[in-house]
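Attaching a single structure in structure tokens format; questions to follow.
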Amino acid sequence: MYTMQQMSNMTEVYLQVTPLCNWSDSDITRLTEEICPGQVYAGLLLGSFINIKTKTCEMNIRDAARTDAEWILHHRLGLFRDSGASEEVIDETDALTKRYLTMNWTDDFRYFLAERDGDVIGGCGLSVFRIPPLTRQRTGLMAYIFNMYVEPKDRRNGVGRELLNHVVGVCMSERVGVAILHASEVSRRLYTSCGFTTSESLMHLPIRNGGRTTIASGGSIEQM
């Protein structure tokens, strides 16, 4: 295992460490404030393995405020357009998102904006929630990363990676045990290169609004 001093002498390290939730506050402070000041770092596990990369950041990444709601909407609709959603779906998403952004959405999630030369070039959302602690996840904190979007003209320049590094860094500082996300075919390569893996055990069930979801005897979903 590398010591904190050895880590400070490296620009890129792959190391095995104790689970992040077992790190002392002083170790996390040193990692986030002393070893990599003004730099971006990433860690995926957030359990037993951490891949840390440091890279001087050419852009500014900041927390979005309620006055930045227009960017969240812009990025969200951009994601749907990129995925090939119909105009009907985009229009409905537009209305639903606008309604949501009139509420105090900062209670539900954090949104991060990437800026270069004063222009917003991308963004990413983060929601943190808690479950009962596990032996490998002692804080019980989990994070859902979503709404990752980079303006078309700024793609393939490392913006998405910098945003992801920043969000994962926030997860580390808040002692999140695991981060999850939904990956499109286009973004899968980025997430994989940053340490995300596909889980064979994670499942999901759409709970339909406007009706009751039931499970038929054959396992199919029916609407009441």
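All of the numbers you see were taken from the coordinates with simple rules; none came from a lab. Because the structure is a prediction, the values reported are computed rather than measured. We place every Cβ from the backbone using ideal geometry, glycine too, and count neighbours over all the protein chains shown.
Residue 96 to residue 186: FRET efficiency via 1/(1 + (r/R0)^6), r the Cβ-Cβ distance, R0 30 Å, to the nearest 0.05?
On the way: r = 23 Å, r/R0 = 0.78.
Efficiency, from the Cβ-Cβ distance: 0.80.
A further question on this structure: Could you please tell me the mean projected area of the C-alpha convex hull for the range 76-171, averaged over all directions and given in square nanometres to one decimal?
8.1
Label the range 71-118 by shape, choosing from rounded, prolate and oblate, from the square roots a ≥ b ≥ c of the eigenvalues of the Cα gyration tensor; if a/c is under 1.5 it is rounded, and otherwise prolate applies when a/b is larger than b/c, oblate when it is not.
oblate
Quick one: 178, 89, fewest Cβ neighbours within 10 Å first, how do they rank?
Sorted ascending by nearby Cβ count, the order is 89, 178.
Here's something else I'd like to know. Roughly speaking, what is the stretch gain from residue 156 to residue 136, that is 0.36 nm per residue apart minus the C-alpha to C-alpha distance, in nm to one decimal?
This chain segment gains 3.7 nm when fully extended.
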